[in-house]
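Visitor: The structure under discussion is supplied below as structure tokens; questions concerning it will follow.
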Amino acid sequence: MLYANSFGPASTPVVKIGGINAIVSFVGLSALGEFQFNVVVPSTLSNGDQLVTATYGGSSTQAGTLLTVQH
């Protein structure tokens, strides 16, 4: 679980898709205790399932989360 203060994260999380840093365009509280990250998917990714990770304050999202990319 990623943790941030009640007003939102103090800094931007690092989001990687397929091992490539994604641009984080928005981070905000979408429900009590639930944060939404809007990211730009890197255009250099190949088609198929890509591993997604988000890291913030030393914590990371669960392992094995995938995003299917189709150009």
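The values are calculated or read from the model by the stated rules, or taken from the named source; none is laboratory data. Every value quoted in this text rests on a predicted model; they were computed, and no experiment measured them. Counting neighbours? That spans all protein chains shown, and the Cβs are built from the backbone with ideal geometry, glycine included.
Visitor: For a quick check of your reading of the model, give me the residue pairs whose first member lies in segment 49-71 and is more than 15 Å from GLY18 (Cβ to Cβ), whose second is assigned to a strand (DSSP E or B) and of a type in the set (S, T, N, Q), with beta-carbon atoms closer than 8 Å and at least 6 apart or on different chains.
Guide: Close Cβ pairs satisfying both conditions: SER60/THR53.
Visitor: Give the residue that is farthest from the chain's Cα centre (by Cα), with candidates limited to residues of segment 51-66 that are surrounded by 15 or more Cβ atoms within 10 Å (Cβ to Cβ) and not polar (S, T, N, Q).
Guide: Taking the candidates together, the pick is TYR56.
Visitor: Which ones in segment 4-27 are assigned to a strand (DSSP E or B) and either closer than 27 Å to GLN70 by Cα or modelled with pLDDT of 95 or more (or both)? Outline the logic, then answer.
Guide: From segment 4-27, those assigned to a strand (DSSP E or B) are 5, 8, 14-17, 20-21, 23-27; that's our starting set.
Result: VAL14, VAL15, LYS16, ILE17, ILE20, ASN21, ILE23, VAL24, SER25, PHE26, VAL27.
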